[in-house]
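Trainee: Before anything else, here's the structure in question.
The values are calculated or read from the model by the stated rules, or taken from the named source; none is laboratory data. Fair warning: this is a prediction, and the values are worked out from it, not measured in the lab. Positions of Cβ are generated from backbone atoms using ideal geometry, with glycine treated the same way; all protein chains shown enter the neighbour counts. The area values use the complete protein model at the heavy-atom level, side chains included, leaving out ligands, DNA and RNA. Shrake-Rupley method; radii C 1.70, N 1.55, O 1.52, S 1.80 Å.
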Amino acid sequence: MPASRLVPLGAVLLLGLLLLLELPPVTGTGADKPGVCPQLSADLNCTQDCRADQDCAENLKCCRAGCSAICSIPNEKEGSCPSIDFPQLGICQDLCQVDSQCPGKMKCCLNGCGKVSCVTPNF
């Protein structure tokens, strides 16, 4: 069989594999918004609110929830947590769990006493 006939067959096999995995088709430019989708409870209605991050408003990401795809606030924001050079003064409690709980561009990072709080990240 000529090599030129194998290329279309390979493309058909790849498409069939993607359909078996039940992944939604990708739209837009392929550029993802920053952040990571949170763990979402499975939505048994299989609602398809989006197919890609670009389908979601502002900083929301298109996230899987079982068989559904919904726009959700991402857990992680851009930047990295600053290094801890000295113990933090003040309340030594966990004040956040994920970045999305922090205002603006602040991230949920370890503080100097082994807990986490919202801090300004390094860019």
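Trainee: Among the residues of region 71-87, is there at least one that is part of a loop (DSSP other than H, G, I, E, B), aliphatic (A, V, I, L, M) and farther than 20 Å from G35 by Cβ?
Mentor: Checking region 71-87: at least one residue is part of a loop (DSSP other than H, G, I, E, B), aliphatic (A, V, I, L, M) and farther than 20 Å from G35 by Cβ.
Trainee: Please tell me if K107 is without any contact (Cβ under 8 Å) to a residue 40 or more places away in the chain, surrounded by 14 or more Cβ atoms within 10 Å (Cβ to Cβ), under 13 Å from G35 (Cα atoms) and not assigned by the TED database to the domain that holds Q54.
Mentor: yes
Trainee: So which residues in region 44-55 are touching a Ser or Thr at 6+ places or on another chain (Cβ under 8 Å) and open to solvent by less than 40 Å² (accessible area, probe 1.4 Å), if there are any at all?
Mentor: Selection gives A52 alone.
Trainee: So, one more: Looking only at residues in region 67-90 that are over 23 Å from D55 (Cβ atoms) and touching a Ser or Thr at 6+ places or on another chain (Cβ under 8 Å), which one is least open to solvent (accessible area, probe 1.4 Å)?
Mentor: Checking each candidate, the answer is P82.
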